[in-house]
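See below for the structure under consideration.
The values are calculated or read from the model by the stated rules, or taken from the named source; none is laboratory data. Predicted model, so just to flag it, every value in this text is computed and none were measured. FYI the Cβ positions are ideal-geometry reconstructions off the backbone, even for glycines, and counts take in every protein chain you see. Surface accessibility is based on the protein's heavy atoms, side chains included, excluding ligands, DNA and RNA. Shrake-Rupley method; radii C 1.70, N 1.55, O 1.52, S 1.80 Å.
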Amino acid sequence: MNSNSSVLAGLNEQQAVAVTHQGGPVLVIAGAGSGKTRVLTQRIAHLISSGISSPSQILAITFTNKAAQEMRERVISLVGGVGEAMWISTFHSACLKMLRSNAERMGYKASFSIYDDRDSRRLIERAIISNGLDIKRFTPRATQGIISAAKSSLGGIDEVIESGGIYGNKFGAIFREYNERLLAANAMDFDDLIVNACNLLKNFEDVRDYYQERFRHILIDEYQDTNAAQNAFVLLLGNKYQNVFAVGDSDQSIYRFRGADPSNIGDFEKAFPNSDIVVLEQNYRSSQTILDAANSVIAKNQTRKPKRLWSDKGNGSLISLTIAMNEYEEARWVAREILRFKTHGISYSDMAVMYRTNGQSRVLEEAFAGSSIPYRVIGGTRFFDRQEIRDTLAYMRMVANPDDEVSFERVINTPRRGIGEKAMAQIALYSRVHRISLFKTLKYVDQLGVSKKAQNGLGEFRMLISHLEDQASAGESPKILLEAVLEKSGYRAMLESDHSVESEGRLENIGELASIAAEHEDLESFLEHCALTSAVDESGEMTSVSLMTLHSAKGLEFKNVFLVGLEEGLFPHSRTMEEALDLEEERRLCYVGITRAKDNLAISYALTRTQWGSQREGMPSRFIHEIPAELLDKVDLTGFANFDQSAFVSTERRTFRDTQSFNYSTSTEISAPQSMSTEDSLKNESTGAQNLGLAVNDTVDHARWGVGRITKIEGKGDDMRAEIRFKDGVTKRFLLAMTPLSKL
DNA sequence: CGGGCGGCCATTTTT
DNA sequence: TGGCCGCCCG
Ligand SMILES: Nc1ncnc2c1ncn2[C@@H]1O[C@H](COP(=O)(O)OP(=O)(O)OP(=O)(O)O)[C@@H](O)[C@H]1O
């Protein structure tokens with residue numbers, strides 16, 4: 001069967017051109033919602049069903065694992081059959097797969113560990129310290145930024161030295177040591193996965209030949225967010241047959257901060273001089289109103305080529321703009337709207353709330369819980385970031401790769417085995433001198449020069465790991481191994497013995513990890529899953545509202561979208577407001593957010609917001625002003641929004657006098673004290689409570705919350721804070737200078 | 001050596 | 001808000 005109806009169904013002319021392109025390099029450039037992902041997916045289906053390509057000749061790159069999985073399912077539903085042979089994955093997964101098969105060539109063992117951000121930062125910290133540098137001056141975070149930027153642009157030590165400025169040589173030394181430690185630990189960081197895969201292809205002709213022959217068709221989604229190393233990977237693989245199909249939208253490039261380089265799009269034509277360009281202009285997702293708003297925001301970017309994008313879905317409803325007193329009121333308003341939409345037949349799973357920073361989810365979660373709205377937070381504090389999960393996985397990694405330095409340090413003394421700083425220093429010394437890994441030094445435990453107690457602990461640890469290694473090489477499943485780790489290491493016993501609610505939660509999480517382990521045949525695939533599965537990948541079939549950052553929202557779509565916290569300093573974020581290029585990236589992020597909505601878009605901001613314990617007054621985001629006023633339907637919950645830009649005088653803004661009544665009816669107990677402290681701070685008055693000589697266990701009376709007992713005092717003078725546990729069991733924290741308290 | 005506590009810090013976005 | 005460091009006591 002050749003050109004097939006199901007594969008071409010639901011495509012416009014331009015889309016069909018792209019899908020059925022006869023081969024050679026193709027670049028699809030198109031705005032949001034124009035069907036880029038659909039085209040890419042259906043092209044895979046077309047290649048297979050028309051017999052042009054077999055599934056095993058397909059390499060498709062997506063931005064997240066979840067997108068990969070969905071694409072695979074979609075292709076299978078179009079052409080049937082088993083899709084196992086296709087490689088549809090993220091860059092990182094694809095590179096990892098190649099590296100596992102060829103690790104020895106690169107000087108690694110096949111069982112190498114993958115270091116995520118935090119593992120890598122920890123190792124960088126070790127490298128900084130062992131260079132005799134101060135981690136206050138050379139912060140691991142900043143150093144990691146420099147190193148990662150160099151790696152992801154395929155640079156080496158020279159680039160690190162250069163971006164290190166006057167301390168270039170120091171950063172260079174750190175960089176060198178970090179890489180040495182990685183190699184010694186048989187570990188790669190995220191950037192290494194890409195860089196090493198490139199080097200593998202570059203340096204080994206036979207490997208390159210193999211993969212070039214194998215992947216006759218290479219397709220890349222979200223091309224605008226590839227970095228130099230990823231791009232090099234694509235070019236290396238695609239060089240021979242040049243069947244490279246890339247889709248992207250430079251207006252949706254939002255990862256420049258981590259090395260993504262949208263100029264890869266422009267360079268595509270240079271790399272493949274005979275490439276064909278396909279432009280898609282019809283948006284099938286959003287109403288014209290939403291599209292107009294998005295187009296007019298993004299038009300403010302200077303460094304951009306204008307682009308046409310239209311929709312025939314009709315104007316739809318206006319975009320609502322809501323002004324709230326504070327973030328609590330904003331969240332309650334979102335909750336009310338969600339319930340309202342629900343009664344109009346829109347299901348929870350068709351709605352999403354998007355924000356700039358993860359920290360904003362908390363208040364929303366509280367409001368949703370209070371309104372019994374089912375919700376899911378996508379991303380945020382990830383499951384795999386929890387301490388107990390990291391600890392358990394560190395044990396598992398030790399089993400797979402005993403040379404793993406970061407994992408060793410993590411668990412050598414968890415639970416306590418009497419190994420302190422002193423013993424660790426001795427181990428590190430021995431490992432340096434004898435050029436063996438930390439774990440291997442344990443063979444010579446009596447030569448390390450550590451206390452008897454530490455020797456015992458170390459011996460115990462060594463037996464534990466080697467016993468587990470035996471089990472692993474005997475082919476025990478990850479589930480069994482995990483069980484053995486928990487039991488034999490004493491980790492479970494440690495948690496069980498303390499009987500706290502916290503430990504119970506940790507045990508539950510570990511239980512969850514065990515069920516993930518049960519889904520995997522071997523240790524390697526389990527660890528791989530844990531290393532590369534990001535929070536965004538968690539499945540979300542349930543009928544719940546989604547909460548996520550704007551970054552996580554890329555590529556998704558919802559009927560109703562709430563964009564919250566549109567305040568100067570938050571969005572655009574204060575860290576981006578100085579550099580024009582950073583600000584443009586924020587604007588693209590706004591464009592991405594707006595264009596996630598199909599039917600209804602609601603944006604909102606709060607006049608005050610509590611950040612780092614203190615209140616901040618917010619100005620409406622410039623992005624709001626960049627949306628034509630006639631597309632907005634303004635609702636002022638506060639009565640005194642200072643949103644008096646000329647564009648908005650037409651709406652029914654209440655006068656300041658009205659606010660004296662202060663009866664924004666929806667406010668409940670949560671916002672009242674908020675507004676009270678706002679008033680206080682505005683008047684710059686102190687309640688004097690910091691001078692009452694309060695101490696822990698004093699009983700106090702709070703003007704709004706009633707009687708309670710002080711459980712904690714910190715800070716002094718005007719900065720004194722108290723934690724008070726009220727009679728109803730609620731615990732709250734206050735800045736005393738602003739709190740109406742009396743001592744009882 | 002280990003645990004607990006106070007105080008200081010910084011605090012964007014993530015494969 | 002929490003993560004981390006330094007300090008103190010058992
Ligand atoms: N020809 C078409 N007819 C009807 N619907 C279409 C057509 N093409 C795409 N769509 C729909 O439009 C929506 C957006 O498509 P898709 O996600 O592929 O766009 P995209 O360009 O990848 O978007 P973005 O870049 O914003 O993530 C999807 O719901 C898709 O099913």
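Any chance region A:319-331 includes a residue that's assigned by the TED database to the domain that holds A:PRO620, under 23 Å from the mean Cα position of the chain (by Cα) and outside any loop (DSSP other than H, G, I, E, B)?
yes
Evaluate the following for A:ARG121: is it open to solvent by 50 Å² or more (accessible area, probe 1.4 Å) and either assigned to a helix (DSSP H, G or I) or in contact (Cβ under 8 Å) with a residue 60 or more places away in the chain (or both)?
Judged against the criteria, A:ARG121 is a match.
Is region A:262-270 home to any residue that is in a loop (DSSP other than H, G, I, E, B) and either buried (at least 18 other Cβ atoms within 10 Å of the Cβ) or among the aliphatic types (A, V, I, L, M) (or both)?
Yes, some residue in region A:262-270 is in a loop (DSSP other than H, G, I, E, B) and either buried (at least 18 other Cβ atoms within 10 Å of the Cβ) or among the aliphatic types (A, V, I, L, M) (or both).
Based on this model, can you work out whether A:GLU177 counts as open to solvent by 30 Å² or more (accessible area, probe 1.4 Å) and either out of contact with any Ser or Thr (no Cβ under 6 Å at 6 or more places or on another chain) or not basic (Lys, Arg) (or both)?
Criteria not met by A:GLU177.
Which condition from (1) in contact with a Phe, Trp or Tyr (Cβ under 6 Å, 6 or more places away or on another chain); (2) more than 27 Å from A:GLN144 (Cα to Cα) is the one that A:GLY266 breaks?
Of everything listed in (1) in contact with a Phe, Trp or Tyr (Cβ under 6 Å, 6 or more places away or on another chain); (2) more than 27 Å from A:GLN144 (Cα to Cα), A:GLY266 misses just condition (1).
Quick check on my filter: what residues within region A:226-251 are on the phi < 0 side of the Ramachandran plot and open to solvent by 10 Å² or more (accessible area, probe 1.4 Å)?
Answer for region A:226-251, where residues must be on the phi < 0 side of the Ramachandran plot and open to solvent by 10 Å² or more (accessible area, probe 1.4 Å): A:ASN227, A:ALA228, A:GLN230, A:ASN231, A:ALA232, A:LEU235, A:LEU236, A:ASN239, A:LYS240, A:TYR241, A:ASN243, A:SER250.
Filter region A:277-312 down to the residues that are within 21 Å of A:ALA16 (Cα to Cα) and more than 28 Å from the chain's Cα centre (by Cα) and list them by number.
Once the filter is applied, which keeps residues that are within 21 Å of A:ALA16 (Cα to Cα) and more than 28 Å from the chain's Cα centre (by Cα), region A:277-312 yields A:ILE277, A:VAL278, A:VAL279, A:LEU280, A:GLU281, A:GLN282, A:LYS307, A:ARG308, A:LEU309, A:TRP310, A:SER311, A:ASP312.
Could you please give the count of residues in region A:359-375 that are open to solvent by 30 Å² or more (accessible area, probe 1.4 Å) and away from DNA strand C (no atom under 11 Å from the Cβ)?
Total satisfying the criteria: 7.
Check region A:34-47 and report whether any residue there is assigned by the TED database to the domain that holds A:GLY80, surrounded by fewer than 16 Cβ atoms within 10 Å (Cβ to Cβ) and assigned to a loop (DSSP other than H, G, I, E, B).
Scanning region A:34-47 turns up no residue that is assigned by the TED database to the domain that holds A:GLY80, surrounded by fewer than 16 Cβ atoms within 10 Å (Cβ to Cβ) and assigned to a loop (DSSP other than H, G, I, E, B).
Considering only helices (runs of 4 or more DSSP H) fully contained in region A:398-514, which possess at least 3 residues that are surrounded by fewer than 19 Cβ atoms within 10 Å (Cβ to Cβ) and modelled with pLDDT of 90 or more?
A:452-473, A:478-488
If I ask for residues that are within 25 Å of A:LEU570 (Cα to Cα) and either within 13 Å of the ligand (Cβ to nearest atom) or in contact with a strand residue (DSSP E or B) (Cβ under 7 Å, 6 or more places away or on another chain) (or both), which ones from region A:296-328 would you list?
If the condition is that a residue be within 25 Å of A:LEU570 (Cα to Cα) and either within 13 Å of the ligand (Cβ to nearest atom) or in contact with a strand residue (DSSP E or B) (Cβ under 7 Å, 6 or more places away or on another chain) (or both), then A:ILE298, A:LEU318, A:ILE319, A:SER320, A:LEU321, A:THR322, A:ILE323, A:ALA324, A:MET325, A:ASN326, A:GLU327 are the ones that fit.
Do we have A:THR62 as open to solvent by less than 50 Å² (accessible area, probe 1.4 Å) and more than 16 Å from DNA strand B (Cβ to nearest atom) here?
no
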